[in-house]
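Scroll down for the structure; my scribbles are underneath it.
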Amino acid sequence: MDSDTGRIYPHPLDYVSGLKYSLTSLSVNHEYRITPSSFIVREVIDEGYLVKRVDLHGKEGYIVVRVVKRGLDTFEALRILSRKLDIPVENIHFHGLKDKNATTTSYFYIKRLLVDERIFPIQGDKVVFEIAGYTRFKPGREIFKGNEFEVLIQGLDERQQEVMKKILELISRHGLPAYYGYQRFGVKRYNTHLLGKYVVKRRENCFSRILLDTMYPGEDLEAIVKRIRRDFTGFYYEGRYVRAGYNGLGLKNVLRALNEIIIDAYAGYLYNLLLNKIIEEKGFVDLDKEYPMPGCIESIELYSGIFSEEGLTLEEARSLPCYYRNGLFKPLNTRMSCAGDVCRLVFMLEPGLYATIVLRELFKEKLVLN
């Protein structure tokens, strides 16, 4: 590896997300703010699985709905479509969460027998739903190929353009730790993994405190005032929790609404800590292999010190997800072009990887997420 060494905790949110190491100390000295105009995400699917309606019989198969949204999170898009079609959210399948503060194109899958297709296309304030095709198969990982990202940076002088090219070359050569990105834990209220931790530990009192009472610097003043007054009007998850009561029903209600993403977030946080441990003990070179998530039996030895620091018992850890994930990744088909001081960066990531890890490496503390 080059003599240049990375920085530790280069972004303020690293401390709460479990991200520690960067590849290089080089940084593009330019503030990049993620917005729907500057950050575009396109979900990539294997279109070989798509067929025309005439290839199906009766109500066979699934409708593939193309979802184009701007400044809207995936869960809200799901709720909008659920209301329009008058079906439960649980009947709408999707591959993964897409950034709220972006313009994104992704796909939802719905059994044909559940809806009247003539309702499409559906136009909302921040989202459009239209039929992209049909598939005979229940949507699985074999259909989802990853995400293509388009990043637009304005006001970048020639010197910083060269720095950016140099960092991209280093990333292409060495790769980056496959950390779970900031979106997994929250940007304004970075507590998703903490909520998951207290679900795993069956500590509803702590879960309730984090969800309802804890305030964060990135929150809007109006939201903070309402939280102090215990007025949860307009708060989707807090409202669901309070309305269902504090006897365990509220917790189940929130978990159902979040599709258990908070437990997955806690597993992702522990995995980030594991990558830090591997880098400290063996360096970046040892990241390039598959490592188990904390719910796997094989994780006991790897995570033992992490479990101890987190106060997790083995029984609690076993309730977390189990699958394998490579500790290193490299963006695919990376392309950078500039016209004057405006640059366009395009790259693709395989499923489960985060563009913000690439942007963190480029801009360090000058990456603005909200």
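The values are calculated or read from the model by the stated rules, or taken from the named source; none is laboratory data. Only a predicted model underlies this, so the values are computations on that prediction, with no experimental measurement involved. Neighbour counts run over all protein chains shown; Cβ positions are idealised from the backbone, glycine included. When the accessible area is computed, the model is the full protein with side chains, heavy atoms only, and any ligands, DNA or RNA have been set aside. Shrake-Rupley method; radii C 1.70, N 1.55, O 1.52, S 1.80 Å.
Answer yes if at least one residue in region 345-367 is crowded, with 21+ Cβ neighbours inside 10 Å and more than 24 Å from Tyr21 (Cα to Cα), and no otherwise. No, because not a single residue in region 345-367 is crowded, with 21+ Cβ neighbours inside 10 Å and more than 24 Å from Tyr21 (Cα to Cα). When region 222-259 is filtered for residues that are small (Gly, Ala, Ser), under 24 Å from the mean Cα position of the chain (by Cα) and at positive phi, only Gly234 remains. For Glu158, the conditions (1) open to solvent by 60 Å² or more (accessible area, probe 1.4 Å); (2) over 30 Å from Ser27 (Cβ atoms) all hold with the exception of (2). Looking across region 171-194, just one residue is open to solvent by 10 Å² or more (accessible area, probe 1.4 Å), modelled with pLDDT of 95 or more and hydrophobic (A, V, I, L, M, F, W, C), and that is Leu194.
Can you find a residue that is out of contact with any His (no Cβ under 7 Å at 6 or more places or on another chain), in contact (Cβ under 8 Å) with a residue 60 or more places away in the chain and over 27 Å from Ile92 (Cα atoms) anywhere in region 254-262? No: zero hits.
Taking region 291-370 as the region of interest, the strands (runs of 3 or more DSSP E) fully inside it that hold 2 or more residues being without any contact (Cβ under 8 Å) to a residue 60 or more places away in the chain are 332-339. Any chance region 52-62 includes a residue that's assigned to a loop (DSSP other than H, G, I, E, B) and at pLDDT 95 or above? No: zero hits. Each residue in region 152-207 was checked for being hydroxyl-bearing (Ser, Thr, Tyr), assigned to a helix (DSSP H, G or I) and touching a residue at least 24 places away in the same chain (Cβ under 8 Å), and 3 pass. Criterion applied to Arg70, Arg7 was being among the charged types (D, E, K, R), closer than 30 Å to Glu162 by Cα, surrounded by fewer than 21 Cβ atoms within 10 Å (Cβ to Cβ) and in contact with a Ser or Thr (Cβ under 7 Å, 6 or more places away or on another chain), and the one residue passing it is Arg7. For the criterion of being modelled with pLDDT of 95 or more and under 19 Å from Pro36 (Cβ atoms), Thr104 passes. In region 133-146, the qualifying residues are those that are in a loop (DSSP other than H, G, I, E, B) and open to solvent by 50 Å² or more (accessible area, probe 1.4 Å), and the one that is farthest from Leu97 (Cα to Cα) is Arg136.
Comparison of Phe149, Phe108 shows that the only residue that is touching a residue at least 60 places away in the same chain (Cβ under 8 Å), touching a helix residue (DSSP H, G or I) at 6+ places or on another chain (Cβ under 7 Å) and part of a strand (DSSP E or B) is Phe149. Residue check: Asn253 meets all listed conditions (1) polar (S, T, N, Q); (2) buried (at least 17 other Cβ atoms within 10 Å of the Cβ); (3) not in a helix (DSSP H, G or I) but one, namely (3).
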